1. Go over the candidates Ser50, Ser69, Ser7 one by one and state the one that is at pLDDT below 95 and out of contact with any Asp or Glu (no Cβ under 6 Å at 6 or more places or on another chain).
2. With the structure loaded, tell me whether Val74 is in a helix (DSSP H, G or I) and at pLDDT 95 or above or whether it fails that test.
3. Answer with yes or no whether Ser31 is modelled with pLDDT of 95 or more and open to solvent by less than 100 Å² (accessible area, probe 1.4 Å).
4. Please go through the range 48-60 and give me each residue that is open to solvent by 80 Å² or more (accessible area, probe 1.4 Å) and assigned to a helix (DSSP H, G or I), ordered by number.
Amino acid sequence: MDLTRGSSRGSSTPTPPRQTPPVRPTPKRTSPLEFIQQVRDEGRKVTWPSRKETTITTVMVFIMVVAASLFFTVVDQALRYLVGVILGV
């Protein structure tokens, strides 16, 4: 036991008791019909893209897929060549 630090086990003051968490109010239950109505109301609030926006976005995705596949093909072939040169295969 170190005299300058005091007792090595616990403190002389007891720990305060834990507080209980606040009680949450129970949520209001909705009927299935009311739920479906709420879902439809939320669906009407969504701003849907036009056919032109969807087409342009789809074309851009295909272009990016082709560009990424070409990039990774070139990098893969370059690394394959470098490993072949280093290992002398």
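The values are calculated or read from the model by the stated rules, or taken from the named source; none is laboratory data. Since the model is a prediction, treat every value here as computed from it, not as a measurement. All Cβ positions, glycine included, derive from the backbone under ideal geometry; neighbour counts span all protein chains shown. Please note that ligands, DNA and RNA were not included when accessible areas were found on the heavy atoms of the full protein model with its side chains. Shrake-Rupley method; radii C 1.70, N 1.55, O 1.52, S 1.80 Å.
1. Ser7
2. yes
3. no
4. Within the range 48-60, Arg51, Lys52, Glu53, Ile56, Thr57, Met60 meet the criteria.
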